[in-house]
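Some notes on the structure that comes next.
The values are calculated or read from the model by the stated rules, or taken from the named source; none is laboratory data. Because the structure is a prediction, the values reported are computed rather than measured. Positions of Cβ are generated from backbone atoms using ideal geometry, with glycine treated the same way; all protein chains shown enter the neighbour counts.
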Amino acid sequence: MSAWRSRFLADASDWQSAGLKRQRRVVRPVSATQVEVDARVVTAFASNDYLGLSRHPRLIEALAEGARRFGAGAGASHLVSGHHAVHEALEHELASFAGKPAALAFMNGYVANLALLTTLAGDGDAIFSDELNHASIVDGARLSRAAVHVYAHADLDALEALLRSSTARQRLVVTDAVFSMDGDIAPLRALLALCEQHDALLVVDDAHGIGVWGPEGRGSVHALGLQSEYIVYMGTLGKAAGLSGAFVAAEQLIIDRLIQRGRPYVFSTASLPALAHATLTALELVRSADAERRQLERHRERLRKFASAWQPFRLLASAMPIQPLVVGDNATVIRIAEALLKEGLWVPAIRPPTVPAGSARLRITLSGAHTDADVDRLGTALSHIVARAGTIPT
């Protein structure tokens, strides 16, 4: 047997025995909250489609209309010939939505974070990153060639000490606004104060805040009323906005720098003009989705009433649609997720390395499209399954 095959087979065996092997499930959407998986229709608490917009008739028609008007593809990168008028219009609207002077659209949030961190920092600079930040931030920081300092989750004292001792030419503090696996919120107001005090840019990844928090769903920075030239804002469009893509909103000087030097932007084919056209409609729908945001809050309160029946497992404190139930053991969380699926309820089991070892969890994700009955059904089924967790077969 070849050396590479032997090594890779051993790795695969290790993943399997540790309960870390992942499985893709092929789905067919039925509605905003239901999918067909494994030949049966289940209610999903697994999607980041927080407002249920991915199935909205206006959004579907806008995407189709965009294809009819602008064709199937952009044809080139933005700096060659792929920057269409509709891309320009979208970026103006995104800047207005974020309340910043300028914006730049990207294919997705991962690419946006790679571009941001590798363009705004380099040799001689320093990046200060929360230990629970998304993988795209971790990878972007590593690729930047800047010195990377990871501070304990939301630990302002630790961050201040690092900033005070730093002699770097340029300093970036980067944080998720809403942490995707815990559902908690970064102390953005205090982080901004530290950044202004120490002349550091604050990069805010608001992938899970945009659409569900703040006036008109305009995200975490707006929710807290923060305004500063030090804020560099990244928002995604593939979650609450129901589509795909991301954007960075910041001072014009920063956006210009990304256009000139952001390699993931410069050397990528532009996103579909049809998608840009549909995103304009998505932003309208996000702004007008107050009813769905109120529904999300009611669902969260309704779900948490079941939490006492889920002991010894722990439902983390979260004011967001992300409601994580920490189980701990990899094998146990898989058994519970599979038992839920047999009851027609899909809640993903999240395991390391996505979360720290020993903190495997069910990531319950609520949508404004869920009904009260959906939430009650999940709460009741999970209560019954947790009560017999030790007897669920592997």
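Given the structure, is residue 258 crowded, with 16+ Cβ neighbours inside 10 Å, outside the structural domain of residue 47 (by TED's automatic domain parsing), closer than 21 Å to residue 211 by Cα and not β-branched (Val, Ile, Thr)? So residue 258 fails the test. Of all the residues that make up the stretch 60-112, how many are of a type outside the set (A, V, I, L, M) and surrounded by 16 or more Cβ atoms within 10 Å (Cβ to Cβ)? Residues flagged as of a type outside the set (A, V, I, L, M) and surrounded by 16 or more Cβ atoms within 10 Å (Cβ to Cβ) within the stretch 60-112 amount to 15.
Highlighted here are the helices (runs of 4 or more DSSP H) found entirely within the stretch 191-306 that include at least 3 residues which are more than 20 Å from residue 59 (Cα to Cα): 220-223, 252-261, 263-266, 290-304.
Go through 369, 339 for me and flag whichever is part of a loop (DSSP other than H, G, I, E, B), touching a helix residue (DSSP H, G or I) at 6+ places or on another chain (Cβ under 9 Å) and not assigned by TED's automatic domain parsing to the domain that holds residue 182. Of 369, 339, the one residue that is part of a loop (DSSP other than H, G, I, E, B), touching a helix residue (DSSP H, G or I) at 6+ places or on another chain (Cβ under 9 Å) and not assigned by TED's automatic domain parsing to the domain that holds residue 182 is 369.
Looking only at the stretch 145-162, filter to residues that are within 21 Å of the chain's Cα centre (by Cα) and either in a helix (DSSP H, G or I) or not aromatic (Phe, Trp, Tyr) (or both); which one of those is surrounded by the most Cβ atoms within 10 Å (Cβ to Cβ)?
Checking each candidate, the answer is 154.
The residues of the stretch 169-190 that are part of a loop (DSSP other than H, G, I, E, B) and either within 18 Å of residue 237 (Cβ to Cβ) or charged (D, E, K, R) (or both), listed by number, are 169, 177, 180, 182, 184. Within the stretch 259-277, being within 20 Å of the chain's Cα centre (by Cα) and either closer than 18 Å to residue 243 by Cβ or of a type in the set (Asp, Glu) (or both) holds for 271, 275, 276. Please work out if residue 312 is buried (at least 20 other Cβ atoms within 10 Å of the Cβ) and more than 21 Å from residue 114 (Cα to Cα). Judged against the criteria, residue 312 is not a match.
For the stretch 142-156, the criterion of a residue being in contact with a Lys or Arg (Cβ under 8 Å, 6 or more places away or on another chain) and assigned by TED's automatic domain parsing to the domain that holds residue 250 is satisfied by at least one position.
Any idea which residue in the stretch 163-204 is nearest to the chain's Cα centre (by Cα), counting only those that are among the charged types (D, E, K, R) and surrounded by fewer than 21 Cβ atoms within 10 Å (Cβ to Cβ)? Out of the qualifying residues, it is 184.
For the structure I just gave you, tell me whether residue 207 is buried (at least 19 other Cβ atoms within 10 Å of the Cβ) and either more than 21 Å from the chain's Cα centre (by Cα) or among the β-branched types (Val, Ile, Thr) (or both). It is false that residue 207 is buried (at least 19 other Cβ atoms within 10 Å of the Cβ) and either more than 21 Å from the chain's Cα centre (by Cα) or among the β-branched types (Val, Ile, Thr) (or both).
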